[in-house]
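J.: Let me begin by handing over the structure; questions about it come next.
Laboratory data are not the source of any read-out in this text; all were calculated from the coordinates shown. Keep in mind that what you see is a predicted model, and the values were worked out from it rather than measured. Virtual Cβ from ideal backbone geometry, glycine too; neighbours counted across all protein chains shown.
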Amino acid sequence: MARGNDNDRYVQPRPDGGWEVVKEHHERASAVTSTQREAIDRARQIVQGAGGGELRIKGRDGRFRDSDTIPPGRESPARDTK
């Protein structure tokens, strides 16, 4: 069975009322926040730093409400001349 991109992250609600950023088939969260906005912002940073991928966002009801393709981050705007 094919697996998804290892860089993909999901923002989903936690039973305690907070929000978490997780990978598919996760054992623990990549990040835990108190608000969905904070979790989305942190997930964007994680995916961008990992080389780009998909960000999928679940609502409080557990259903997907949005997704976004995140391009890879760039280490430096300066061109590598070597």
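J.: Kindly provide the set of residues from the stretch 11-33 that are surrounded by 17 or more Cβ atoms within 10 Å (Cβ to Cβ), of a type in the set (D, E, K, R) and in a loop (DSSP other than H, G, I, E, B), ordered by number.
T.: LYS23 - this is the single residue of the stretch 11-33 that is surrounded by 17 or more Cβ atoms within 10 Å (Cβ to Cβ), of a type in the set (D, E, K, R) and in a loop (DSSP other than H, G, I, E, B).
J.: Looking at the stretch 44-53 only, could you name the residues that are part of a helix (DSSP H, G or I) and touching a Ser or Thr at 6+ places or on another chain (Cβ under 8 Å)?
T.: Result: ILE46, single match.
J.: Here's a follow-up. Between a first residue in the stretch 45-71 that is closer than 15 Å to ALA31 by Cα and a second residue that is of a type outside the set (S, T, N, Q) and surrounded by fewer than 11 Cβ atoms within 10 Å (Cβ to Cβ), which pairs have beta carbons less than 7 Å apart while being 6 or more apart in sequence or on different chains?
T.: none
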